[in-house]
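Presented below is the structure to which this report refers.
The values are calculated or read from the model by the stated rules, or taken from the named source; none is laboratory data. Note that the structure is a prediction, hence the values are computed from the model and not measured. FYI the Cβ positions are ideal-geometry reconstructions off the backbone, even for glycines, and counts take in every protein chain you see.
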Amino acid sequence: MTPIRMPRRRLNQGFSLVEVLVAAVIIAIVSLAAVAFYSNSRVGEIREWQEQNALFLAEKEVELWQASGYTGLAGFVAADVGPSNFLPYGYRYGSADPLWNVGGRYKAVNDLSGTDYRIRAHLLYSESTGSPANDFFVRDVFTRPGGDVNYYYRRVEVVVQWGGFSGTTSTEDMTQETRMAR
């Protein structure tokens, strides 16, 4: 009987160039996906950080407006109020906030991360009557069987802007509103 011979394998067998290139392409694709995921996550984290800072600044400004009370906003003129006009300075008509840029109608704030914010405010109204004549307010009427009840209040909209600034606009903004009863 003749012995069966098995084919001999080469002991110095390695990877072919094609196999190395395929492995390199797979590693590159996985690496690019990981880098894209990380960069998207980081951009989202930065945006969230900026939004949290803007919310904090807006809430702080709302508290300052509340502290000035209803009478603090008496005295502004028609060119200062309404949805298309920002107030020239904050909190009280008679005593401007020293940080308020009167000409630009904003307060500049820079946070610890180096992001520049602008804080602006609108005094929104439905009527302007009474004494003084430039007393802007909102009047709501509640109708009930015993007669109408009038509610008078000031409506202040605080706008925090950041990102690219262009005149009175920006690429990012956040709005908070407060109302002060008479």
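Looking at segment 134-182, which of its residues are of a type in the set (Gly, Ala, Ser) and over 19 Å from Asp80 (Cβ atoms)?
Just the residues of segment 134-182 that are of a type in the set (Gly, Ala, Ser), to begin with: 146-147, 163-164, 166-167, 170, 181.
Once the filter is applied, which keeps residues that are of a type in the set (Gly, Ala, Ser) and over 19 Å from Asp80 (Cβ atoms), segment 134-182 yields Gly146, Gly147, Gly163, Gly164, Ser166, Ser170, Ala181.
Which of (1) in contact with a Gly (Cβ under 7 Å, 6 or more places away or on another chain); (2) over 25 Å from Phe56 (Cβ atoms); (3) among the polar types (S, T, N, Q) is the odd one out, the single condition Asn150 does not satisfy?
Result: Asn150 passes all but (1).
Can you find a residue that is assigned to a loop (DSSP other than H, G, I, E, B) and among the aromatic types (Phe, Trp, Tyr) anywhere in segment 30-37? Give the steps one after another, and end with the answer.
We begin by selecting, within segment 30-37, every residue assigned to a loop (DSSP other than H, G, I, E, B); these are none.
The answer is no; no qualifying residue exists.
Within segment 85-102, is even one residue modelled with pLDDT of 90 or more and part of a strand (DSSP E or B)?
Scanning segment 85-102, I find no residue that is modelled with pLDDT of 90 or more and part of a strand (DSSP E or B), so the answer is no.
Test of understanding: among Gly104, Gly82, which residue is under 20 Å from Gly167 (Cα atoms), without any contact (Cβ under 8 Å) to a residue 40 or more places away in the chain and surrounded by fewer than 19 Cβ atoms within 10 Å (Cβ to Cβ)?
Details: Gly82 fails: without any contact (Cβ under 8 Å) to a residue 40 or more places away in the chain.
Being under 20 Å from Gly167 (Cα atoms), without any contact (Cβ under 8 Å) to a residue 40 or more places away in the chain and surrounded by fewer than 19 Cβ atoms within 10 Å (Cβ to Cβ) holds for just one of Gly104, Gly82, which is Gly104.
When you scan segment 147-158, do you find a residue that is assigned to a loop (DSSP other than H, G, I, E, B) and closer than 20 Å to Leu55 by Cα, even just one? Don't jump to the end; show me each part of the working.
The first filter runs over segment 147-158 and keeps only residues assigned to a loop (DSSP other than H, G, I, E, B), leaving 147-148.
After this cut, where a residue has to be closer than 20 Å to Leu55 by Cα as well, the list is none.
No, the conditions are met nowhere in segment 147-158.
Does segment 132-145 include one or more residues that are outside any loop (DSSP other than H, G, I, E, B) and of a type in the set (A, V, I, L, M)?
Kept after step one, since they are outside any loop (DSSP other than H, G, I, E, B), are these residues of segment 132-145: 136-142.
When the remaining residues are screened for being of a type in the set (A, V, I, L, M), the result is 138, 141.
Checking segment 132-145: at least one residue is outside any loop (DSSP other than H, G, I, E, B) and of a type in the set (A, V, I, L, M).
Among all residue pairs at least 6 apart or on different chains, which show Cβ distances below 7 Å where the first residue, located in segment 63-77, is hydroxyl-bearing (Ser, Thr, Tyr) and the second is surrounded by 14 or more Cβ atoms within 10 Å (Cβ to Cβ) and not in a helix (DSSP H, G or I)?
Ser68/Tyr91; Ser68/Arg92; Tyr70/Arg154; Tyr70/Met180; Tyr70/Arg182
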